[in-house]
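A.B. asks: Structure below; questions to follow.
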Amino acid sequence: MSRGSRVLKGCVAALVLSSTGLSSVQLASAQEREVSVAVGDILRDGLEAQARGDGEALLKAALALARSGARPDTGDADLVRVWIRDAQTMGAKLPKTFYASRGLLLGPAYKSGKIAANGKFTTRQSFAGGQMADILVVPAPGAALSLRVIDDEGDEVCAVTASSENLGCRWVPVYTAPSSITVVNTSRKPAKFYLVMN
């Protein structure tokens, strides 16, 4: 790439940012949030398809999750493979051109969990200091969950009251350190959920 084309591309990028009124940091943050919300929506669609026994919808969710670049957290099952297998068991047929590229460094990570009635799930995750941390809890259909995040010094980062909708929390840690993420099941039956971290 010539110096002139690099300068032109830089000017175009600056013009795009100035016309939106967003800084490059704000734009990157908005894009990261959109990715987490999109993955959360895909996970919810997959959970609902599983609950209905809808193989075609489950396959659609699996392929969308594969395209998103989201990956399972360490020790969690790869939902793309699980959902494709389950969808095929329900009678859905894979398209002939299916291909998914999955890399460890691409996209957000997701973690599955199950909480007993009136129980809680807690995990500690490290987030990079000075960068936007973004988590999203996706409850299974019919589950009412709440979310609370505490930093390594015991200060509350955020708290979201019980809801059957997706629950989200965003913050910028001062320095790299683990935070405690607690999801509480306020219903009288066990609840499955996914935790999306970006």
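A.B. asks: Going by what's in this entry, would residue 115 be described as surrounded by 12 or more Cβ atoms within 10 Å (Cβ to Cβ), under 14 Å from the mean Cα position of the chain (by Cα), among the β-branched types (Val, Ile, Thr) and modelled with pLDDT of 85 or more?
C.D. replies: On the way: surrounded by 12 or more Cβ atoms within 10 Å (Cβ to Cβ): yes; under 14 Å from the mean Cα position of the chain (by Cα): no; among the β-branched types (Val, Ile, Thr): yes; modelled with pLDDT of 85 or more: yes.
No; evaluated as a whole, the condition is false for this residue.
A.B. asks: I need the full set of residues from the range 63-73 which are part of a helix (DSSP H, G or I) and touching a Lys or Arg at 6+ places or on another chain (Cβ under 8 Å), in order please.
C.D. replies: Here is the first cut: in the range 63-73, the ones part of a helix (DSSP H, G or I) are 63-68.
Listed by number, the list holds a single entry, 66.
A.B. asks: Look through 55, 46 and report the one residue that is surrounded by 16 or more Cβ atoms within 10 Å (Cβ to Cβ), over 29 Å from residue 176 (Cα atoms), touching a Ser or Thr at 6+ places or on another chain (Cβ under 9 Å) and at pLDDT 90 or above. First the steps, then the outcome.
C.D. replies: On the way: 46 fails: touching a Ser or Thr at 6+ places or on another chain (Cβ under 9 Å).
Of the residues listed, the single one that is surrounded by 16 or more Cβ atoms within 10 Å (Cβ to Cβ), over 29 Å from residue 176 (Cα atoms), touching a Ser or Thr at 6+ places or on another chain (Cβ under 9 Å) and at pLDDT 90 or above is 55.
A.B. asks: Residues 121, 127, 98: which one is at pLDDT 90 or above and aromatic (Phe, Trp, Tyr)?
C.D. replies: Details: 127 fails: at pLDDT 90 or above; 98 fails: at pLDDT 90 or above.
The unique qualifying residue is 121.
A.B. asks: With the requirement that a residue be surrounded by 19 or more Cβ atoms within 10 Å (Cβ to Cβ) and without any contact (Cβ under 8 Å) to a residue 24 or more places away in the chain, what does the range 72-90 give you?
C.D. replies: If the condition is that a residue be surrounded by 19 or more Cβ atoms within 10 Å (Cβ to Cβ) and without any contact (Cβ under 8 Å) to a residue 24 or more places away in the chain, then 80 is the only one that fits.
A.B. asks: Being among the hydroxyl-bearing types (Ser, Thr, Tyr) and either within 11 Å of residue 149 (Cβ to Cβ) or surrounded by fewer than 19 Cβ atoms within 10 Å (Cβ to Cβ) (or both) is the filter here; which residues of the range 159-198 pass it? Steps first, please.
C.D. replies: The first filter runs over the range 159-198 and keeps only residues among the hydroxyl-bearing types (Ser, Thr, Tyr), leaving 161, 163-164, 175-176, 179-180, 182, 186-187, 194.
Once the filter is applied, which keeps residues that are among the hydroxyl-bearing types (Ser, Thr, Tyr) and either within 11 Å of residue 149 (Cβ to Cβ) or surrounded by fewer than 19 Cβ atoms within 10 Å (Cβ to Cβ) (or both), the range 159-198 yields 161, 163, 164, 175, 176, 179, 180, 182, 186, 187.
The values are calculated or read from the model by the stated rules, or taken from the named source; none is laboratory data. From a predicted model like this one, the values you see are computed outputs, not experimental measurements. A quick note on method: Cβ atoms are made from the backbone with ideal geometry, for glycine too, and the neighbour counts reach across all protein chains shown.
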